[in-house]
1. Being surrounded by fewer than 16 Cβ atoms within 10 Å (Cβ to Cβ) and assigned to a strand (DSSP E or B) narrows it down to one residue among 117, 126; which is it?
2. Hey, can you tell me all the residues within segment 93-106 that are in contact with a strand residue (DSSP E or B) (Cβ under 7 Å, 6 or more places away or on another chain), within 16 Å of residue 126 (Cα to Cα) and surrounded by fewer than 20 Cβ atoms within 10 Å (Cβ to Cβ)?
3. Quick one: in segment 59-82, of everything that is in a loop (DSSP other than H, G, I, E, B) and within 15 Å of the chain's Cα centre (by Cα), which residue is surrounded by the fewest Cβ atoms within 10 Å (Cβ to Cβ)?
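All of the numbers you see were taken from the coordinates with simple rules; none came from a lab. What you see is a predicted model, and the numbers here were worked out from it, not measured in a lab. Ideal geometry is used to build each Cβ from the backbone, glycine not excepted, and the neighbour counts take in all protein chains shown.
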């Protein structure tokens, strides 16, 4: 990439120049914006969750997918691990705005912040992020 053209004492007055001298428009940077703390709902209904638990680690990224045909919740957002294995759902009480964002084309994901077994329930706390 070329350099910026400077005018003595006047600051930056030129453009970035690319190959062959053509102007290059700088692209916006990507970032992950923290939105909300919650937990994963429905883990007790996931077959094999006990075998999956050791592979779910603090800091792991979890992918979110809309499930508008879900018969129990039209705003449902299913949560899967990096291998595409279903872990549970964003809780119904938390999914209204998140589902609207996803339906508008925004990419949301989660990160595991804590986990503990409470009886037959694997409680997994997550942070929800918007990737921009």
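1. Being surrounded by fewer than 16 Cβ atoms within 10 Å (Cβ to Cβ) and assigned to a strand (DSSP E or B) holds for just one of 117, 126, which is 117.
2. Here is the first cut: in segment 93-106, the residues in contact with a strand residue (DSSP E or B) (Cβ under 7 Å, 6 or more places away or on another chain) are 94-95, 98-99, 101-103, 106.
Keeping just the survivors that are within 16 Å of residue 126 (Cα to Cα) gives 94-95, 98.
Of everything in segment 93-106, just one residue is in contact with a strand residue (DSSP E or B) (Cβ under 7 Å, 6 or more places away or on another chain), within 16 Å of residue 126 (Cα to Cα) and surrounded by fewer than 20 Cβ atoms within 10 Å (Cβ to Cβ), namely 94.
3. Filtering segment 59-82 for residues that are in a loop (DSSP other than H, G, I, E, B) and within 15 Å of the chain's Cα centre (by Cα), the one surrounded by the fewest Cβ atoms within 10 Å (Cβ to Cβ) comes out as 59.
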